[in-house]
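Just below is one structure, and these are the notes that go with it.
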Amino acid sequence: MTKVKFLLVLLSLLALAGCTPEYNWRELSVADDRAAVLFPSRVQTEQRTIRVEGVELVFSLTSAAVDQSVFSVGYAPLSPTLDSAQTERLVRAFAVALAARVGQPLAPQALNGDVFELESVVAGQASRLMGRVLTHRGMLIQVVVSGPKKSLSKENAVEFMRSLVLR
């Protein structure tokens with residue numbers, strides 16, 4: 001009888017281990033509560049001061065990783081003294097940097113705050129990067145998911161990108 005109980009407990013533990021989802025989606029507030037997004041796992045946030053297009057920004061990056069894929073939202077408050085041309089140059093600089101990261105030309109929709117997708121080969125693996133750069137209520141927001149195609153499904157990448165809700 002104890003062998004049967006042991007086997008039942010072992011089978012239960014194996015079943016539970018098999019049910020542990022690789023993606024455990026959770027909604028988090030980002031960009032000083034100006035947006036919310038679904039992350040697939042536990043996040044980390046880092047912050048540093050950067051200079052882009054001659055403008056000093058306090059840039060925060062909240063990110064989560066699943067296997068070799070990274071899901072992130074970067075954001076920086078914009079000074080109210082910036083004019084629309086300066087803001088457009090910042091959006092362009094962030095979008096260009098994403099495209100350069102994978103050695104691809106800038107997608108035209110990237111400058112309109114729309115989602116864009118770039119494909120490349122990283123470390124010998126076919127990879128995808130989906131991104132979106134926009135401004136909202138005085139905040140520059142950059143949403144990015146990237147990783148090898150074999151482990152980052154298009155469905156999970158799209159799920160992350162679509163989950164962004166501006167508040």
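For the stretch 51-142, place one equal point scatterer on every Cα, skip the solvent, and apply the Debye formula. What is log10 of I(q)/I(0) at q = 0.14 Å⁻¹? So the normalised log intensities work out to -0.53.
Mean residue ellipticity, 222 nm, helices only, the chain: the sum of -39500 (n - 2.57) across DSSP H runs of n ≥ 4, divided by residue count and rounded to 500, is -9000 deg cm²/dmol. Per residue, the chain exposes 58 Å² of solvent-accessible protein surface, assessed with a 1.4 angstrom probe and all protein chains in place.
Does the stretch 101-157 classify as rounded, prolate or oblate by the C-alpha gyration tensor (a ≥ b ≥ c root eigenvalues; a/c under 1.5 gives rounded; else a/b over b/c gives prolate, otherwise oblate)?
Taking the square roots of the gyration eigenvalues as a ≥ b ≥ c, the stretch 101-157 is prolate.
Taking all protein chains as present, what is the carbon and sulfur share of the accessible area of the chain, in % to the nearest whole number, probe 1.4 Å? The C+S portion of the solvent-accessible surface of the chain is 54 percent.
Counting heavy atoms of the protein chains alone, Ser72 has an accessible area of about 10 Å² for a 1.4 Å probe.
Note that the chain, at 37 °C in a medium of 0.692 mPa s, gets a Stokes-Einstein diffusion coefficient of 188 µm²/s from its Kirkwood radius over C-alpha pairs. Its relative contact order, with pairs defined as Cα atoms under 8 Å and 6+ residues apart, puts the chain at 21 percent.
The values are calculated or read from the model by the stated rules, or taken from the named source; none is laboratory data. Treat the numbers as computed from the prediction; the structure is a model and nothing was measured. Side chains are part of the model used for accessible areas, which takes the heavy atoms of the whole protein and leaves out ligands, DNA and RNA. Shrake-Rupley method; radii C 1.70, N 1.55, O 1.52, S 1.80 Å.
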